[in-house]
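As structure tokens, the structure follows; a few thoughts come after it.
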Amino acid sequence: MNDILWQPPKQRQLDAHITAFTEQANLRYGQQIADFEHLHQWSIAQPEQFWALVWDYTQVRASHRGERVLIDAGQMPGARFFPDARLNFAENLLARPSLGDAMIFWGEDKVRRRVSHTALRAQVSQCAQALQALGVVAGDKVAAYMPNMPETIVFMLAAASIGAVFSSASPDFGVQGVLDRFGQIEPKVLLACNGYYYNGKTLDIRDKVRAVSEQMPSLCQVVVVPYIDGADALDGIRQAVAWSAFLAPQKPRELTFAQLPFDHPLFIMFSSGTTGVPKCIVHRAGGVLLKLLCEHQLHCDIKPGDRFFFFTTCGWMMWNWLAGGLASGATLMLYDGSPFAGNGHILWDYADAAHCNLFGTSAKFIDAMGKAGLSPKHTHQLRELRTLFSTGSPLVPEGFDFVYQHIKEDIALNSIAGGTDLLGCFVAGLSTVPVRRGEIQVPVLGMAVKVWDENGKEVARGVKGELVCSQTFPSVPLGLLNDPGDKKFRAAYFDRFANVWFHGDYIEHTEHGGYVIHGRSDATLNPGGVRIGTAEIYRQVEQLPEVAESLVIGQNWPPEKPEDVRVVLFVRLQPGVQLDDALVQKIKKQIRDNTTPRHVPARVVPVADIPRTKSNKIVELAVRNIIHGEKVNNAEALANPEALALFEQLRPDLMKH
């Protein structure tokens, strides 16, 4: 069977950034690189040459670069890129010509806005001045409790322009979830909205903003954006000022950008926090900029003027990834609300109306479209759409089929995988090589991606193992906030293998040079001592029309003397479907026939809901903890924490038989 779903047209290969970049590498360094595999090998073998060329090719703006590209390369953490450079992240995102749209925004079917480059620069200027008037200086922290809308981008760029450190959370976070994050970083200024729209509903969050402001003494100002109508934006919120009043005293003027070291802190990102208080991951400005430029231009092939969309909230790293598209000249397509608002077609309506070129979403969304019977290929034009990104969880082979059968035949499907931890990808797509069913296409340039066994030995292609990165890269975080001696930081990524990044994904390097991710390492199942990736089970179960969603764990068994692990599968069924013996046997047969007998669950249990993070990732570890009677420390990190109670109720039965 031919597993190639898409071949890049010759002209697309010729016009691609990666082609021009390869030519420059050959000319500058006397190489004879003829294909991506050799380009990737060179990027790892010669990191100083590679990253210097990325800097020049992507036209990084800096007041000084310096001669040194990489020092202490053998230390991870500890290596430093461009140690003498002085630059500004915001300057690079605002360096493009001031023609056309910088941003387009849809807030479900309630709000439609466009922001020109000229207007964006003017608002960033006003906001930066207003922050400085409050005494915010380089190194101070600011935070946004906001929807994915233009004001959030403006606030982030204004903060970066003066060297302030930015963090964000989405307005669906509860008060404790916000305090767990922002309370650790102690921001001086908070940007918040008065409410937001979701699935046709108007949700007022003034009470949450008021509670957050009262419990965060570090705040000297709360700036409130009146996003929803009919509500007094301030309404008793401590130290509050409306967005328009915050900007009004400042007149737009020529932007100035603080020239800061490459390693100056830019963002504080948060781990999901489902096993404790979220870790505060501090990212360096130069490293994030270079990583995003590399991925956006060389892998995603973003060109000036492209319309770039990603369905994300401000609580997921993909928001920061999307925002970085400005540095490559893209027009950002921002959306806030439900991806199925109205008639369920709203994101594709948006793609058509805004002439989207690059569309990003989650594997869960693609699966949900299939379950809902949607087929954008037959309902929308999508003429300008050339690339579709999928991330958040592994995209199964049937998801690849859906894209080509129901979205568009001539499209580069870029399944990508990385993390908040590096604010980028380890493995990703490429518009100049074929798309193979079920496979992530390539390792990202400059990333020494390896698949190792538990003893730190590289495994053969086709064998599953641990995803590691054996060499340093620019967006290795500076560290974790409030972590003396980097103890937690090293324990999280570097203690497993010395000087090697251990990512915690269970992965396979295919014979074609692509990758398949089989789930998180800490969620892999071990019945009879054999490791099984959870994604292998999800792929089979969720093909069944009766099943809406599933979650699988390994339960220590038997409970009184746990000598082994048994597989327990929880299923959320479609409305009106009952889990009878016939359906249990159908599920088990589907798994057995398409995997191995070890994959077959010992128990199949119906549940009304499955807990997930706010970026829509299911939380296997939290459920496993509950079933084993262990504490789930931070339910506030979940989009639906009430779902945990369902599993508490199931625990007595699962402990018996």
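The values are calculated or read from the model by the stated rules, or taken from the named source; none is laboratory data. No experiment lies behind these values; they were computed from the predicted model shown. Quick reminder, even Gly has a Cβ in these numbers, built from the backbone with ideal geometry, and neighbours come from all protein chains shown.
Does Glu563 fit the bill of being exposed (fewer than 15 other Cβ atoms within 10 Å of the Cβ) and either outside the structural domain of Phe270 (by TED's automatic domain parsing) or β-branched (Val, Ile, Thr) (or both)? Spell out how you get there, then give the answer.
Numbers: exposed (fewer than 15 other Cβ atoms within 10 Å of the Cβ): yes; either outside the structural domain of Phe270 (by TED's automatic domain parsing) or β-branched (Val, Ile, Thr) (or both): yes.
Yes.
Please indicate, with yes or no, whether at least one residue in the stretch 93-100 is part of a loop (DSSP other than H, G, I, E, B), in contact with a Pro (Cβ under 7 Å, 6 or more places away or on another chain) and modelled with pLDDT under 95.
The answer is yes; a qualifying residue exists.
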Selection status of Gly462, in the same structural domain as Cys294 (by TED's automatic domain parsing), within 24 Å of Arg181 (Cα to Cα), small (Gly, Ala, Ser) and surrounded by fewer than 17 Cβ atoms within 10 Å (Cβ to Cβ): no
Any chance Gly287 is touching a Phe, Trp or Tyr at 6+ places or on another chain (Cβ under 9 Å), within 21 Å of Pro77 (Cβ to Cβ) and among the small types (Gly, Ala, Ser): yes
Tally of residues being in contact with an Asp or Glu (Cβ under 9 Å, 6 or more places away or on another chain) and crowded, with 22+ Cβ neighbours inside 10 Å across the stretch 262-278: 3
Among residues of the stretch 541-566, those that are basic (Lys, Arg) and farther than 17 Å from Lys588 by Cβ, counted: 1
Checklist (1) of a type outside the set (Gly, Ala, Ser); (2) in contact with a Pro (Cβ under 8 Å, 6 or more places away or on another chain); (3) part of a helix (DSSP H, G or I); (4) over 13 Å from Leu298 (Cα atoms) applied to Trp51, failing item: (4)
From Thr312, Thr256, residue being in the same structural domain as Phe173 (by TED's automatic domain parsing) and surrounded by fewer than 23 Cβ atoms within 10 Å (Cβ to Cβ): Thr256
All positions within the stretch 85-116 that are touching a strand residue (DSSP E or B) at 6+ places or on another chain (Cβ under 8 Å) and polar (S, T, N, Q): Asn88, Ser98, Ser116
The stretch 465-482 - residue that is at pLDDT 95 or above and farther than 19 Å from Ile44 by Cβ and, of those, surrounded by the most Cβ atoms within 10 Å (Cβ to Cβ): Pro477
Residue check, Gly513 under 22 Å from the mean Cα position of the chain (by Cα) and not in a helix (DSSP H, G or I): no
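Which one of Val604, Val571, Val584, Val623 is closer than 19 Å to Asp522 by Cβ, outside any loop (DSSP other than H, G, I, E, B), β-branched (Val, Ile, Thr) and modelled with pLDDT of 90 or more?
Numbers: Val604 fails: closer than 19 Å to Asp522 by Cβ; Val571 fails: closer than 19 Å to Asp522 by Cβ; Val584 fails: closer than 19 Å to Asp522 by Cβ.
Within the list Val604, Val571, Val584, Val623, the selection yields Val623.
Rundown of residues vs (1) in contact with a Cys (Cβ under 7 Å, 6 or more places away or on another chain); (2) not aromatic (Phe, Trp, Tyr), yes/no style:
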position	(1), (2)
Gly329	no, yes
Leu358	yes, yes
Gly370	no, yes
Ser375	no, yes
Ser390	no, yes
Phe402	no, no
Glu409	no, yes
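Out of everything in the stretch 232-269 that is aromatic (Phe, Trp, Tyr) and touching a Phe, Trp or Tyr at 6+ places or on another chain (Cβ under 6 Å), what residue ends up being nearest to Ile205 (Cα to Cα)? Break it down stepwise before answering.
Taking the stretch 232-269 first, the residues aromatic (Phe, Trp, Tyr) are 243, 246, 257, 262, 267.
If we keep only those that are touching a Phe, Trp or Tyr at 6+ places or on another chain (Cβ under 6 Å) too, we end up with 262, 267.
Values: Phe262: 37, Phe267: 25 Å.
Across the stretch 232-269, the extreme among qualifying residues is Phe267.
Any idea which residue in the stretch 491-502 is modelled with the lowest pLDDT, counting only those that are part of a helix (DSSP H, G or I) and crowded, with 16+ Cβ neighbours inside 10 Å? Steps first, please.
In the first step, residues of the stretch 491-502 are kept if they are part of a helix (DSSP H, G or I); the result is 491-493.
Checking which are crowded, with 16+ Cβ neighbours inside 10 Å leaves us with 492-493.
Working: Ala492: 93, Tyr493: 96.
This residue is Ala492.
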Residues satisfying the stated conditions in the stretch 626-642, i.e. out of contact with any Lys or Arg (no Cβ under 8 Å at 6 or more places or on another chain) and either part of a helix (DSSP H, G or I) or modelled with pLDDT of 95 or more (or both): Ala635, Glu636
Condition broken by Ala582, with the remaining ones in (1) in contact (Cβ under 8 Å) with a residue 40 or more places away in the chain; (2) over 21 Å from Lys371 (Cα atoms); (3) surrounded by fewer than 18 Cβ atoms within 10 Å (Cβ to Cβ) satisfied: (1)
Among (1) modelled with pLDDT of 95 or more; (2) surrounded by 24 or more Cβ atoms within 10 Å (Cβ to Cβ) - the single one Leu293 does not satisfy: (2)
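Assess whether Trp6 counts as being in contact with a strand residue (DSSP E or B) (Cβ under 6 Å, 6 or more places away or on another chain), under 27 Å from Val433 (Cβ atoms) and not assigned by TED's automatic domain parsing to the domain that holds Gly446.
Values: in contact with a strand residue (DSSP E or B) (Cβ under 6 Å, 6 or more places away or on another chain): yes; under 27 Å from Val433 (Cβ atoms): yes; not assigned by TED's automatic domain parsing to the domain that holds Gly446: yes.
Considered against the rule, which asks whether it is in contact with a strand residue (DSSP E or B) (Cβ under 6 Å, 6 or more places away or on another chain), under 27 Å from Val433 (Cβ atoms) and not assigned by TED's automatic domain parsing to the domain that holds Gly446, Trp6 comes out as yes.
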Matching residues in the stretch 531-564 - criterion: being farther than 16 Å from Val605 by Cβ, touching a residue at least 24 places away in the same chain (Cβ under 8 Å) and not acidic (Asp, Glu): Arg531, Ile532, Gly533, Ala535, Arg539, Gln540, Gln543, Pro545, Asn556
Considering residues of the stretch 172-189 that are at pLDDT 95 or above and not in a helix (DSSP H, G or I) only, the residue nearest to Val209 (Cα to Cα): Val189
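For the stretch 202-288, list the strands (runs of 3 or more DSSP E) that sit wholly inside it and hold at least 1 residues that are without any contact (Cβ under 8 Å) to a residue 60 or more places away in the chain, of a type in the set (A, V, I, L, M, F, W, C) and more than 30 Å from Ala622 (Cβ to Cβ); which are they? Let's see the steps before the verdict.
Details: elements: 221-225, 240-242, 265-270, 280-284.
Qualifying strands (runs of 3 or more DSSP E): 221-225, 240-242.
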Single residue of Gly139, Gly100, Gly163 found to be in contact with a Leu (Cβ under 8 Å, 6 or more places away or on another chain), surrounded by fewer than 24 Cβ atoms within 10 Å (Cβ to Cβ) and on the phi > 0 side of the Ramachandran plot: Gly163
Failed condition for Asn320, given (1) surrounded by fewer than 21 Cβ atoms within 10 Å (Cβ to Cβ); (2) within 30 Å of Val282 (Cα to Cα): (1)
Residues that are surrounded by 16 or more Cβ atoms within 10 Å (Cβ to Cβ), in contact with a Pro (Cβ under 8 Å, 6 or more places away or on another chain) and of a type outside the set (A, V, I, L, M, F, W, C), drawn from the stretch 1-48: Pro8, His40
Lone unmet requirement of (1) in contact (Cβ under 8 Å) with a residue 12 or more places away in the chain; (2) basic (Lys, Arg); (3) not in a loop (DSSP other than H, G, I, E, B) for Arg461: (3)
Selection within the stretch 379-423 - at positive phi and touching a strand residue (DSSP E or B) at 6+ places or on another chain (Cβ under 6 Å): Gly392, Leu423
